[in-house]
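Let me begin by presenting the structure, written as structure tokens, before commenting on it.
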């Protein structure tokens, strides 16, 4: 679908249907490894904290000052003085430049005394297919994937379908410390807390089984589950609670999501998924 005149990436990593994609031969072992490390709970919708800023050619461009020496911001970001930064710990910021359909993301974002800073981030051309970052590069998420691309947007719901893969944030310590598969490029570097040798790599794509029953669910949760069956979820990041899905506020900043409707997502656990055939497992450079 179009997002304020811009595609949300071309065909490829996020927009391809995976209903017929082969299951990895070690799928059950990977799922068991995550659950064995403590991530056995249901999914939940993280609403109310994220918002996409819309910029145009009149929006000032600002240098992003890196908060650490080992992450760089090679291009200036369009940034208005009233632009939104997630008020929670991650301090995510997202900007879509509507004229050129370019996406800018950052993590650990601050804007103080007209100085824009960030811990890590990335930018992409939304009119093209998603381009993975160089190995060892995070984005606004540990995996190097796009927060915007895998977020459930209110505009998705209004269109009647979520036509893209979702970003899944698992429980910290439940995934591989330094292993990833494309389209990911990095990890959170946290040690795996389980005992299995089948540790889930970042960028792994999981698909909710078609047989999962959503009878009686509300329209919002049903649409999310349908997307999980058709497009799947990417292991994109981790958090202290586990199995989080990212939801964006409406463009006007309001939170239109029905939390009661979305609470049905808690009935979905990792036991209801298959891991799709993994690409070559890579190691974060230097590890």
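Sorted from longest to shortest, the spans of the Cα atoms of the range 175-275 along the three principal axes equal 39, 35, 23 Å. The Cα center of the range 1-21 and the Cα center of the range 53-87 differ in position by 25 Å. Under the shape rule built on the C-alpha gyration tensor, where the axes satisfy a ≥ b ≥ c, the range 156-201 is prolate, since a/c reaches at least 1.5 and a/b is greater than b/c.
The overall shape of the range 127-179 is oblate: from the C-alpha gyration tensor, with semi-axes ordered a ≥ b ≥ c, the ratio a/c is 1.5 or greater and a/b is no larger than b/c. When the Cα atoms of the range 92-146 are aligned to their principal axes, the ranges along those axes come out at 36, 31, 13 Å in descending order. Take the chain, connect every pair of alpha-carbon atoms lying under 10 Å apart with a spring to form a Gaussian network, then pick out the residue of 103, 245, 267 with the largest mean-square fluctuation. Of 103, 245, 267, the most mobile in the Gaussian network model is 267.
Taking the centroid of alpha carbons for each part, the range 211-283 and the range 185-205 are 19 Å apart. Working ranking of peptides 9-18, 136-145 by packing, defined as the average number of other Cβ atoms within 10 Å per residue, highest first, is 136-145, 9-18.
In the chain, the convex hull through the Cα atoms has an average projected area of 14.0 nm², a quarter of its surface area. Computed over the range 1-90, the quotient of the alpha carbon radius of gyration and 2.2 N^0.38 Å is 1.61. Which parts of the range 179-197 would a label at residue 18 reach, counting a residue when its backbone N lies under 13 Å from a point 7 Å out along Cα-to-Cβ? Label zone hits: 181-184. Working note: 222 nm ellipticity from helices only, DSSP H runs with n ≥ 4, each -39,500 (n - 2.57), summed and divided by the residues of the chain, gives -3000 deg cm²/dmol to the nearest 500. DSSP beta bridges fully contained in the range 15-283 are about 60 percent antiparallel.
Springs join every pair of Cα atoms under 10 Å in this Gaussian network model of the chain, and among 244, 220, 260 the largest mean-square fluctuation is at 260.
Against the main long axis of the alpha-carbon atoms of the chain, helix 27-36 sits at an angle near 80°. Between the Cα long axis of helix 219-230 and the first principal axis of the chain there is an angle of about 70°, rounded to the nearest 10. Gyration tensor analysis over the Cα atoms of the range 210-258 returns equivalent ellipsoid semi-axes of 21, 18, 10 Å (largest first, whole Å).
Every number in this text was worked out from the coordinates using simple rules, so none of it is lab data. If you're wondering where the values come from, they're calculated on a predicted model, not measured in any experiment. Reconstructed Cβ throughout: ideal geometry from the backbone, glycine too, with neighbour counts over all protein chains shown.
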